[in-house]
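What follows is one structure encoded as structure tokens, with my remarks underneath.
The values are calculated or read from the model by the stated rules, or taken from the named source; none is laboratory data. Bear in mind that the values here come from a model prediction, so they are computed numbers and not experimental data. In this analysis, Cβ positions are derived from the backbone assuming ideal geometry, glycine residues included, and neighbour counts consider all displayed protein chains.
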Amino acid sequence: MSVDTQADAPLLEVQGLSKRFGAIQACRNISFDLWPGEVIGIVGESGSGKTTLLNCISARLAPDSGRVLYRTRHEGPADLNGMSEPARRMLMRTDWGFVHQDPREGLRMRVSAGANVGERLMALGARHYGNIRAEALDWLGMVEIDQTRVDDMPRTFSGGMLQRLQIARNLVTRPRLVFMDEPTGGLDVSVQARLLDLIRGLVADLGLSAVVVTHDLAVARMLSHRLMVMWRGSVVETGLTDQVLDDPHHPYTQLLVSSVLQP
Amino acid sequence: MYVAVKGGEKAILNSHRLIEDERRGDRGIPELSIAQIDEQLGLAVDRVMTEGSLYDRRLAALAIKQAQGDLIEAIFLLRAYRTTLPRFGASVPIDTGRMQVRRRISATYKDIPGGQVLGPTYDYTHRLLDFGLMDDEAERCQAVSAPAEVDAAMPRVTDLLGRDGLIEEETAEPDETPIADLTRDPLTFPAERPLRLQNLARGDEGFLLGLGYSTQRGYGRNHPFVGEIRLGEVAVEFVPEELGFPIELGEITVTECQMVNQFKGSKTKPAQFTRGYGLTFGHCERKAMSMALVDRALRCRELDEDATAPAQDEEFVMMHSDNVEASGFVQHLKLPHYVDFQAELVMVRSMRAAAGAKEAAE
Amino acid sequence: MSAATAPVATGGPETGYNFAYLDEQTKRMIRRTILKAVAIPGYQCPFGGREMPLPYGWGTGGIQVTASVLGADDTLKVIDQGADDTTNAVSIRRFFERTAGVATTERTEEATIIQTRHRIPEAPLREGQVLVYQVPIPEPLRWLEPRETESRKMHALAEYGAMHVRLYEDIAHHGQIATAYDYPVKVNGRYVTAPSPIPKFDNPKMHMNPAIQLFGAGREKRIYAIPPYTRVESLDFEDHPFEVQRWDEVCALCGSSESYLDEVITDDRGGHMFVCSDTYYCAERQAARPAAAAPWSEAGGSAK
């Protein structure tokens, strides 16, 4: 579906990224690559720097040092910091998605579900109401929201529905890369399980690359191919998800894993 | 047959005559003089000068008379006059440290160099109607003549704090920096403090009072203490280009409020007190204090505080503080909107017709 | 616009004030802003709006623009709601009669400058005429994004998706675009612009108009412009194209079926009739028809 299917080059390259807030070193010299179709999980407790890292690599926050290269569809790798603001904003609403923990941050709460899904299409120049609406209906179906709710306001939706709506709003432009910040946080366990299934299915079907930040190892295990464990601003362990979780090497990872397994 | 209403021009002229007549009221009662307003409604004159941003007691009094005591209307009159005045230049900044103080209080120290001077204030009056004032012939008490020598040296309380580094330093803009002028250039955001202070100085007293009050009730709390309020006369000096040194043009009465606010410190600054500043023409203490509270609230950005409350939102505050703008726009709703309303009527009717047709079909 | 030939700084009939009230420096500043506005069609240029002796919201922006382009040999027409004799139009016309002593007219074709609130005259404008709009809220994105800092960025980057979200919502909820006036337009294919609260009926008149269209917002301190013969498109969807208001009735006075109609309530039993909002256009048509002709009934055909 996408023009660029070069599987032999990373989609996102993070090189020596650091960010501090005053005395606090939130991210220390972090490097990693994300490959097309790959899902990387970033785990760690709150305050470990994982959300700061996510914000830096998604161009929502400027790092103090280091580079983030994104392979654009037409012009190859581009440094996010060197990119013009229009280009960056364009990337954010077309080629990327960002799923917030609180869906209210990512949705327009005062317009209908259909308009929420259709907005990105309209921003890209779609000018046929019928087509926009049809596509919105399709996407509501794909994220398992009753299509008769298309004209309803998000505030009438449950937490799980809101999160699915946010996902549909992000995916409608067929992005190549999606950032997720605790996508199942704040939801009931049963709702979580259903949402995780849905996300996993969509990621696989659409061949998405994703970076998922979570403190929940179960979420990480279910969604990600590879895992990065963060502790006090540094990546202390990285590897295939099963490998990291089943055979943790770093003492902090061991503690993290054991605290889940033996509550 | 229908004939469209005409005669707008005549109606306007007649309306002007009516207000003129109403303004004069009962001819059996002596007409108010400008001097009477100036002398006996002095605080109203002060407010009109402050928000009208023109220091001229006589013109402010005239505006109050012309507006029948409607102070916002008077402020508007004064402002509209003010824009037509040529400007010769900018005066030297007034130095309130050299003020001839008539009132000076501090809530932070019991005793301060120069002492506390209560001066004229309603603060400790009992708000009982004084029926004695009904008799406009009665003798009025005379103030005991000038209080025992007010100390000439009256350092500002904030300067005392500053000596120990307890309060942030007030750094003046370098002389070359052109100072934005709200009355000449459109407001742009983000706005720097000099521009914000100009806006607040002209801002509506009621609006700022409400906002200042909201910060005290927790909407952008900043732990204020009245460091000092001083009222008195200061010299206005001007440097004519051909002379190259300042000459005194005269003196004006101002009220200054220096609010001292708590500040925990940030990643770059150690804990220190911070400032909120208020200044008005004449004696407008409530306004000066409200201004200082809102000034401090609006500094949240530079002090690394979260901006969560209305008083901390500079676009919200500055875009809505001006009562001449606000009053005009609210009252413009009285202007005919036949055309827009007709457009809405057509729209609502067509929607209702469509809904009716849909219902009939179902 | 014959400002260049205007006598500089000579008092108008109202002594004590400069010609057309504003001082020459201020006029120059405003003319510079207008030039910039004309150079970037549809872009809102900030300007140092002055306090006028008329209240904000009552046409101060339009008055400042008019005062700055007005010359002694101009002929001024002022309308409000399409009519020359509504109180505010009368008040503004009197203001310029007093401060500039210029000729005024009700005849659209005679005027060199027309200041308007909420309408574009029915008679086509011609080259050389200046149409000055009074604008209350110049920012078409204001209802979506109240913050100036953000809306300016949206304009700069031409991020106008949200405008269509608003239209989408209208159709989703009402089956049609429910904006009846101040209907957003795109000027010269670039800037989304507020046409001021004219009914959408007038939007098509803005497109490729031979006259200069200047917009003044006094309280918000913005000036913008549509130069002659500039593309002006009303935002819409392909399958829900922009449409203007229509009436089943014709004007009860002149029989026009092509003009914007005002509804007049004639009694308290639901009686009402429709008359042209453009009073000059209507009067001309009435004068041109045979004296004996009866007023048009609701069933009456249109007069041509």
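Residues that are touching a residue at least 40 places away in the same chain (Cβ under 8 Å) and either basic (Lys, Arg) or not assigned by TED's automatic domain parsing to the domain that holds C:Leu54 (or both) within the stretch C:84-128 comprise C:Arg98, C:Arg107, C:Arg117, C:Arg119, C:Arg126, listed in sequence order.
The residues on offer are A:Ile132, A:Ile145, and the sole one that is among the aliphatic types (A, V, I, L, M), in a loop (DSSP other than H, G, I, E, B) and not assigned by TED's automatic domain parsing to the domain that holds A:Ala59 is A:Ile145. For A:Phe98, indicate whether it is touching a residue at least 40 places away in the same chain (Cβ under 8 Å) and either within 26 Å of C:Ala158 (Cβ to Cβ) or over 14 Å from the mean Cα position of the chain (by Cα) (or both). Yes; evaluated as a whole, the condition is true for this residue.
Keeping to the stretch A:100-157, report how many residues are closer than 24 Å to A:Ala210 by Cβ and not aliphatic (A, V, I, L, M).
Initial filter on the stretch A:100-157 (closer than 24 Å to A:Ala210 by Cβ): A:100-108, A:113, A:116-121, A:123-124, A:135-136, A:138-145, A:154, A:157.
Retained after the next criterion (residues that are not aliphatic (A, V, I, L, M)): A:100-106, A:108, A:116, A:118-120, A:135, A:138-139, A:141, A:144, A:154, A:157.
Looking only at that region, the number is 19.
Among the residues of the stretch C:60-83, those that are closer than 29 Å to C:Asp262 by Cα, out of contact with any Leu (no Cβ under 9 Å at 6 or more places or on another chain) and more than 9 Å from chain B (Cβ to nearest Cβ) comprise C:Gly61, C:Thr75, C:Lys77, C:Val78, C:Ile79.
Kindly establish whether C:Asp170 is more than 14 Å from chain A (Cβ to nearest Cβ), at pLDDT below 95 and surrounded by fewer than 22 Cβ atoms within 10 Å (Cβ to Cβ). Taking the combined requirement at face value, the residue does not satisfy it.
Identify, please: which residue in the stretch C:243-260 is more than 8 Å from chain B (Cβ to nearest Cβ) and buried (at least 21 other Cβ atoms within 10 Å of the Cβ) and is, among those, farthest from C:Lys77 (Cα to Cα)? So the residue we want is C:Val250. Does the stretch A:96-105 contain any residue that is in contact with a Gly (Cβ under 7 Å, 6 or more places away or on another chain) and assigned to a strand (DSSP E or B)? Yes - at least one qualifying residue is present in the stretch A:96-105.
Any idea which residue in the stretch B:297-314 is farthest from the other protein chains (Cβ to nearest Cβ), counting only those that are of a type in the set (A, V, I, L, M) and in a loop (DSSP other than H, G, I, E, B)?
Ranking the candidates gives B:Ala309 first.
Picking from residues in the stretch C:186-212 that are buried (at least 24 other Cβ atoms within 10 Å of the Cβ) and either of a type in the set (Val, Ile, Thr) or more than 13 Å from the chain's Cα centre (by Cα) (or both), the one that is farthest from C:Ser277 (Cα to Cα) is C:Val187.
Here is a check on your reading of the model: is C:Gly189 in contact with a helix residue (DSSP H, G or I) (Cβ under 6 Å, 6 or more places away or on another chain), more than 7 Å from every other protein chain (Cβ to nearest Cβ) and touching a residue at least 40 places away in the same chain (Cβ under 8 Å)? The answer is no for C:Gly189.
Screening C:Asn203 on (1) out of contact with any helix residue (DSSP H, G or I) (no Cβ under 6 Å at 6 or more places or on another chain); (2) more than 13 Å from every other protein chain (Cβ to nearest Cβ) shows it passes everything except condition (2).
Out of all the residues in the stretch C:134-142, is one or more closer than 18 Å to A:Arg120 by Cβ, within 24 Å of the chain's Cα centre (by Cα) and either in the same structural domain as C:Gly71 (by TED's automatic domain parsing) or assigned to a loop (DSSP other than H, G, I, E, B) (or both)? Write out each step before concluding.
At the first step, the residues of the stretch C:134-142 found to be closer than 18 Å to A:Arg120 by Cβ are C:141.
Keeping just the survivors that are within 24 Å of the chain's Cα centre (by Cα) gives C:141.
In the following step, the residues that additionally are either in the same structural domain as C:Gly71 (by TED's automatic domain parsing) or assigned to a loop (DSSP other than H, G, I, E, B) (or both) were identified as C:141.
Yes; the residues of the stretch C:134-142 include at least one that is closer than 18 Å to A:Arg120 by Cβ, within 24 Å of the chain's Cα centre (by Cα) and either in the same structural domain as C:Gly71 (by TED's automatic domain parsing) or assigned to a loop (DSSP other than H, G, I, E, B) (or both).
The set of residues from the stretch A:227-262 being touching a Pro at 6+ places or on another chain (Cβ under 6 Å) and either in contact (Cβ under 8 Å) with a residue 40 or more places away in the chain or closer than 22 Å to A:Asp64 by Cβ (or both) comprises just one member, A:Val257.
Only a single item in (1) among the acidic types (Asp, Glu); (2) more than 7 Å from chain B (Cβ to nearest Cβ); (3) in contact with a Leu (Cβ under 9 Å, 6 or more places away or on another chain) is not met by C:Glu263, and it is number (2). When each of B:Val330, B:Val346, B:Val317, B:Val294 is tested for being within 9 Å of another protein chain (Cβ to nearest Cβ) and within 27 Å of the chain's Cα centre (by Cα), the lone residue that passes is B:Val330. C:Phe274 meets the conditions (1) modelled with pLDDT under 90; (2) surrounded by 17 or more Cβ atoms within 10 Å (Cβ to Cβ) in every case but one. The failed one is (1). Of the strands (runs of 3 or more DSSP E) lying entirely inside the stretch B:178-295, those containing at least 1 residues that are out of contact with any helix residue (DSSP H, G or I) (no Cβ under 8 Å at 6 or more places or on another chain) are B:224-238, B:247-261. With respect to C:Thr5, is the statement that it is modelled with pLDDT of 95 or more and more than 8 Å from chain B (Cβ to nearest Cβ) true? Answer is no for this residue.
In the condition set (1) within 13 Å of chain B (Cβ to nearest Cβ); (2) more than 27 Å from B:Gly328 (Cβ to Cβ); (3) not basic (Lys, Arg), C:Asp182 is compliant with all but (2).
Yes/no per residue for (1) more than 20 Å from the chain's Cα centre (by Cα); (2) modelled with pLDDT under 95; (3) surrounded by fewer than 17 Cβ atoms within 10 Å (Cβ to Cβ):
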{"position": "A:Ser2", "(1), (2), (3)": "no, yes, yes"}
{"position": "A:Ala26", "(1), (2), (3)": "no, yes, no"}
{"position": "A:Gly41", "(1), (2), (3)": "no, no, no"}
{"position": "A:Gly47", "(1), (2), (3)": "no, yes, yes"}
{"position": "A:Lys50", "(1), (2), (3)": "no, yes, no"}
{"position": "A:Arg93", "(1), (2), (3)": "no, yes, no"}
{"position": "A:Glu105", "(1), (2), (3)": "no, yes, yes"}
{"position": "A:Val111", "(1), (2), (3)": "yes, yes, no"}
{"position": "A:Gly114", "(1), (2), (3)": "yes, no, no"}
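Quick check on my filter: what residues within the stretch C:33-83 are in contact (Cβ under 8 Å) with a residue 12 or more places away in the chain, in a helix (DSSP H, G or I), more than 16 Å from B:Phe329 (Cβ to Cβ) and small (Gly, Ala, Ser)? Selection gives C:Ala37, C:Ala67, C:Ser68.
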